[in-house]
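Notes for the one structure printed next.
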Amino acid sequence: MTDIDVSRLAASGRAGEPTELAGRARRFGVWYYAETSLRSMRAYLWTVVAVGVGQPLFYLVALGVGLGALVSANGQTVDGVSYLVFVAPAVMVATIVAAASGELTYPVMAGFRWRRTYYGPAATPVTPAQISLGHLLAVTLRFVAQAIVFWLFMLAFGATSSPWSWLTVPIAALSAVAFGAPLQAYAATLKRDGMAFNFVQRFIVMPMMLFSGTYFPLSTMPTYLQWIGWISPVWHGTQLARWASYGLREPAWLVVVHVLVLVTMAVVGAALSCRFYTRRLTR
């Protein structure tokens, strides 16, 4: 709310008693902080829109139509489908996971150290755990919106052939949270940035994108490198997205494993994040 809105609400006599407002904050603190985070994103809204629209467009044109045309020139397919159909759901997952590395590193550091935006809400009945989960919820909603845009581009390019392709949206968002929640927890432990986030980008995010079967089947890589994909949320999300997008032949038990790995990473990461936020904001 703006200052004018608050003044009008107070003048109307409908603002509520302090104990009532404190009770609402304790009950809905996660949603309150998520709203605050979403409102703060308006400062770079056009950047978010440009990335959300530009990434799927450029990736699908360059990798799907450009490189895909070379792969399909002699009637070649990948996993029994065109390269465009093969690569589109994987790139969708990879780009949204990459967005998590941006939204859950420097903004977390800003909340604790640079802008200290966490400390104001922490002085209210909103708990540090609610602040942590509210931040995560806000960026998750952004991931969902970004995934929807990407999926619509996939439909427009004919890059999906299954009526269940819409499932790629929650799959991509879950993959981003599975990577982002532990990253948020890690960022909450840092007292100074230094080279920590650069290290994450260069030695975790980039190898994860390149060695998780995004641009080619993981089975084509040497066995001694395949383990990178096995522990990567990008690979688990990619396999699920391909299964939903064009019917990748995946055993039912392995589909369950993919889901369990992503959910476990997300839950453990969120729990650790709540713990570390509470430790730092209650000192």
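The values are calculated or read from the model by the stated rules, or taken from the named source; none is laboratory data. Just so it is clear, the structure is predicted and the values come from calculations on it, not from any experiment. Neighbour counts run over all protein chains shown; Cβ positions are idealised from the backbone, glycine included.
Applying a threshold of 7 Å to beta carbon distances and a minimum spacing of six or more residues, or different chains, the list of pairs starting in the range 34-60 at a residue that is within 15 Å of Ala147 (Cβ to Cβ) and ending at one that is modelled with pLDDT under 85 and of a type in the set (A, V, I, L, M) reads Val48/Met41.
Residue count for the range 108-143, restricted to those that are aliphatic (A, V, I, L, M), within 20 Å of Arg192 (Cβ to Cβ) and in contact (Cβ under 8 Å) with a residue 40 or more places away in the chain: 2. In the range 181-191, the count of residues that are among the hydroxyl-bearing types (Ser, Thr, Tyr), surrounded by fewer than 16 Cβ atoms within 10 Å (Cβ to Cβ), in contact with a helix residue (DSSP H, G or I) (Cβ under 9 Å, 6 or more places away or on another chain) and at pLDDT 90 or above is one or more.
Rundown of residues vs (1) of a type outside the set (Lys, Arg); (2) in contact with a Phe, Trp or Tyr (Cβ under 6 Å, 6 or more places away or on another chain); (3) more than 30 Å from Arg115 (Cα to Cα), yes/no style:
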{"site": "Leu190", "(1), (2), (3)": "yes, no, no"}
{"site": "Thr220", "(1), (2), (3)": "yes, no, yes"}
{"site": "Ile228", "(1), (2), (3)": "yes, yes, yes"}
{"site": "Phe276", "(1), (2), (3)": "yes, no, no"}
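If you check Thr36 against the conditions, is it of a type in the set (Val, Ile, Thr), exposed (fewer than 10 other Cβ atoms within 10 Å of the Cβ) and either at pLDDT below 80 or more than 30 Å from Ala156 (Cβ to Cβ) (or both)? So Thr36 fails the test.
Read through the list (1) over 22 Å from the mean Cα position of the chain (by Cα); (2) surrounded by 18 or more Cβ atoms within 10 Å (Cβ to Cβ); (3) within 22 Å of Pro128 (Cβ to Cβ), then give the number of the only condition that Arg279 fails. The failed condition is (2).
Quick grid of which residues meet (1) among the acidic types (Asp, Glu); (2) more than 15 Å from the chain's Cα centre (by Cα); (3) under 14 Å from Ala88 (Cβ atoms):
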{"residue": "Arg142", "(1), (2), (3)": "no, no, no"}
{"residue": "Phe153", "(1), (2), (3)": "no, yes, yes"}
{"residue": "Thr168", "(1), (2), (3)": "no, no, yes"}
{"residue": "Lys191", "(1), (2), (3)": "no, yes, no"}
{"residue": "Arg202", "(1), (2), (3)": "no, yes, no"}
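Among the residues of the range 236-251, those identified as within 15 Å of Trp164 (Cβ to Cβ) and either more than 17 Å from the chain's Cα centre (by Cα) or surrounded by fewer than 14 Cβ atoms within 10 Å (Cβ to Cβ) (or both) are Arg242, Trp243, Ala244, Ser245, Tyr246, Gly247, Leu248, Arg249, Glu250. Based on this model, can you work out whether Ser219 counts as in contact (Cβ under 8 Å) with a residue 12 or more places away in the chain, touching a Gly at 6+ places or on another chain (Cβ under 9 Å) and either of a type in the set (Lys, Arg) or surrounded by fewer than 17 Cβ atoms within 10 Å (Cβ to Cβ) (or both)? No.
Here's the yes/no breakdown for (1) of a type in the set (A, V, I, L, M); (2) in contact with a Cys (Cβ under 7 Å, 6 or more places away or on another chain); (3) surrounded by fewer than 22 Cβ atoms within 10 Å (Cβ to Cβ); (4) at positive phi:
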{"position": "Ala69", "(1), (2), (3), (4)": "yes, no, yes, no"}
{"position": "Asp79", "(1), (2), (3), (4)": "no, no, yes, yes"}
{"position": "Met92", "(1), (2), (3), (4)": "yes, no, no, no"}
{"position": "Ala100", "(1), (2), (3), (4)": "yes, no, no, no"}
{"position": "Glu103", "(1), (2), (3), (4)": "no, no, no, no"}
{"position": "Val108", "(1), (2), (3), (4)": "yes, no, no, no"}
{"position": "Ala122", "(1), (2), (3), (4)": "yes, no, yes, no"}
